[in-house]
1. Quick check: is even one residue across segment 592-606 among the hydrophobic types (A, V, I, L, M, F, W, C), more than 13 Å from ILE524 (Cβ to Cβ) and either outside any strand (DSSP E or B) or not assigned by TED's automatic domain parsing to the domain that holds GLY522 (or both)?
2. Go through the residues of segment 615-625 one by one and say whether even a single one is in the same structural domain as VAL545 (by TED's automatic domain parsing), over 60 Å from the mean Cα position of the chain (by Cα), of a type outside the set (Val, Ile, Thr) and over 16 Å from ILE523 (Cα atoms).
3. From the residues in segment 17-52 that are out of contact with any helix residue (DSSP H, G or I) (no Cβ under 9 Å at 6 or more places or on another chain) and part of a helix (DSSP H, G or I), which one is farthest from TYR104 (Cα to Cα)?
4. Go through SER286, SER326 for me and flag whichever is in contact with a Leu (Cβ under 7 Å, 6 or more places away or on another chain), farther than 19 Å from PRO379 by Cα and at pLDDT below 95.
5. Give just the number: which of (1) at pLDDT below 95; (2) under 27 Å from GLU136 (Cα atoms); (3) buried (at least 22 other Cβ atoms within 10 Å of the Cβ) does ASP416 not satisfy?
6. Restricting attention to segment 329-338, which residues are crowded, with 24+ Cβ neighbours inside 10 Å and either of a type in the set (Gly, Ala, Ser) or touching a Leu at 6+ places or on another chain (Cβ under 6 Å) (or both)?
7. Of the numbered conditions (1) at pLDDT below 70; (2) surrounded by 14 or more Cβ atoms within 10 Å (Cβ to Cβ), GLN167 fails exactly one; give the number of that condition.
8. Take LEU484 and decide whether it is outside the structural domain of LYS543 (by TED's automatic domain parsing), more than 14 Å from THR448 (Cα to Cα) and either crowded, with 16+ Cβ neighbours inside 10 Å or at pLDDT below 90 (or both).
Amino acid sequence: MKNNLILLFLFKVLVVFSQTGNKKADALFSKMSYVEAAKVYEKVIDQGNMSMPILKRAGDAYYFNTEMEKANKWYSKLVSEYPEEVSAEYIFRYLQTLEGKEDYVLAKKWMKIYAERAENKDDRAQNFSQEKITIEDILALPQQFMLQNLSINSSNSDFGPMFYKDQLVYATTVDSSYFKTDNYQWNDQPYLNLHLGKINPLKTDVSYLKRFSETINTKYHEAGIAFSPDEKTIYFTRNNYEKKLKRDDEGINHLKLYSAEAEINSDSTVTWKNVKDLPFNGINYSVGHPSVSKDGKKLYFVSDMPGSIGATDIFVVDILGDGKFSKPKNLGESINTSGREMFPYITEEKLYFASDGHLGLGALDVFESFYDEEIFQKPKNLGAPLNSNLDDFAYIVDEETQKGYVCSNRKSGKGDDDIYSFERIVCKQQIKGIVLSELSGLPLASATVKLYLNEKIIDSSETNISGEFDFLKQINCGENYKILASKNKYLPNEKEISVLQYSGETTTSIALKNATSKINTGIIFFDLDKSNIRQDAAVELNKVVYIMKRHPEMLIKIESHTDSRADDDYNLKLSNDRAKATKAYIVSQGIEENRILSAIGYGETRLLNDCENNVPCTKEQHDLNRRSEFIIVRRNK
């Protein structure tokens with residue numbers, strides 16, 4: 001990413017480097033003239049100087065221009081010549097150059113070394129430790145994107161696209177109107193200006209139209225823009241420049257965010273006026289790469305201002321109107337790392353951004369994070385081919401069509417940073433499953449099952465006669481969801497579920513405990529005035545036997561009940577005889593007698609309805625009271 005403005009944010013690292021002793025090379029390096037500095041450092045090495053500062057600087061001069069193979073050459077010598085002395089930061093840069101060469105096997109080894117060397121001093125150590133997610137996991141992600149290199153790309157830098165009406169605004173070093181050749185010392189390329197392109201009907205390509213605005217473009221850098229929802233305000237990134245460049249005490253010219261207002265001319269063209277730098281800019285730090293929320297109330301941006309976690313962080317402010325903003329708020333450690341987080345793009349549900357602090361395929365990768373009320377979920381790498389072994393960044397998308405644009409300096413491009421159109425083939429899953437009784441393992445019909453994402457209900461279903469449920473809503477692959485099942489007379493139960501990484505179905509099951517602590521059976525029928533076990537009763541009792549064998553520590557009590565259609569004392573004796581017969585049958589099927597703590601008949605003393613003596617009831621109403629119940633006293637944990 002040779003000409004990308006984000007590299008200007010590295011000044012915090014640069015100013016603490018020690019001098020190498022070579023005045024010419026160090027002077028070029030301190031001016032960020034990395035192309036020329038690299039040549040001088042290599043000459044010094046050829047003359048036999050293999051000191052640690054020289055090897056660091058030689059590698060850095062290429063690393064900061066994302067020439068990973070050349071940087072790898074000198075970092076390799078650095079870690080081999082000074083294995084104990086080299087810092088964790090340089091191990092990190094070395095492993096990134098290995099990824100830049102797509103040597104992921106060796107990179108994984110050095111990721112572990114980096115994690116050990118950095119210990120808890122750097123949150124990137126945890127991200128690169130390979131304990132929760134590995135580089136193989138990212139390489140194995142299903143491909144979701146189809147990319148196409150745009151016609152407007154040149155041999156230099158073209159990046160930072162943003163939607164504007166039915167057009168695309170982007171930054172480029174090629175001035176198609178004026179062909180200016182002023183070069184930037186960092187990489188010996190022209191400065192960046194904003195230009196306008198026309199998007200074709202399929203949104204797969206862009207043709208050049210014109211310079212975006214003469215009032216915004218200057219002879220220095222302009223890039224990284226965002227518009228208010230009504231497109232009457234633009235926010236853009238520029239060098240700290242007012243008639244001349246302004247520098248801090250270290251001689252660094254930082255970036256600032258500016259705004260401008262649209263004025264509609266009589267011919268319907270737009271002139272951008274009233275250019276202002278935003279109040280949270282500073283002379284000693286950089287601010288840039290804006291993104292405005294869809295409701296126009298929040299402005300996200302990148303900075304290394306005080307309060308940053310790493311080299312560059314993503315911040316947010318409230319847009320209060322009349323040129324006023326709230327104090328900047330860091331998005332926190334769920335998003336920001338000790339590395340670089342760049343190029344935020346906010347939609348109604350997701351934040352997209354580029355990072356080298358979260359585990360990726362090399363240099364900057366694009367990540368997405370779902371959010372709700374400014375609580376951001378753990379970012380997810382979007383995988384290849386969107387991400388590559390080099391820098392991938394500045395992702396913007398129309399969530400409805402899943403078409404958008406992304407930037408990369410991958411080798412297959414036309415030049416340095418190129419803009420690519422993409423269409424995301426969205427991976428969708430459906431969750432299906434079954435609700436079971438924890439005791440019997442049998443399916444439960446008419447259970448309610450709810451699907452949650454981030455503690456919000458997004459779908460619900462009811463189990464059929466086979467205990468099966470099916471959520472109709474298609475959901476995103478690879479996400480973590482929660483299901484909650486409930487049913488009358490059962491205790492509700494919830495279960496976390498990780499959806500598969502490819503389109504299709506994710507199946508699961510969830511068990512419910514009986515809230516009454518009873519084993520459910522059908523009606524156990526006895527012949528009139530009899531207590532012997534009939535064949536149909538044995539079928540139901542065998543369910544109890546089956547459950548008790550599955551749960552060998554289960555202890556039960558047997559309770560038998562009658563209806564009121566006989567003498568009270570007679571019913572009491574009859575139910576007691578039936579309880580004893582029920583116990584004897586269960587024991588005869590191999591259940592230890594001591595696991596049945598009691599077998600008692602209660603006659604008509606515990607009716608389930610109002611069908612008492614002399615109360616007219618139907619046969620079906622009386623049958624409800626003719627029952628045997630199996631009360632669980634203790635069960636397996």
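1. Looking for residues that are among the hydrophobic types (A, V, I, L, M, F, W, C), more than 13 Å from ILE524 (Cβ to Cβ) and either outside any strand (DSSP E or B) or not assigned by TED's automatic domain parsing to the domain that holds GLY522 (or both), one finds none in segment 592-606, hence no.
2. The answer is yes, given that some residue of segment 615-625 is in the same structural domain as VAL545 (by TED's automatic domain parsing), over 60 Å from the mean Cα position of the chain (by Cα), of a type outside the set (Val, Ile, Thr) and over 16 Å from ILE523 (Cα atoms).
3. Restricting to residues being out of contact with any helix residue (DSSP H, G or I) (no Cβ under 9 Å at 6 or more places or on another chain) and part of a helix (DSSP H, G or I), the top hit is LYS23.
4. Every option except SER286 fails the conditions.
5. Of everything listed in (1) at pLDDT below 95; (2) under 27 Å from GLU136 (Cα atoms); (3) buried (at least 22 other Cβ atoms within 10 Å of the Cβ), ASP416 misses just condition (2).
6. Passing the criteria: none in range.
7. (1)
8. The answer is no for LEU484.
The values are calculated or read from the model by the stated rules, or taken from the named source; none is laboratory data. This structure is a prediction, so every number in the text was calculated from the model and none was measured. Counting neighbours? That spans all protein chains shown, and the Cβs are built from the backbone with ideal geometry, glycine included.
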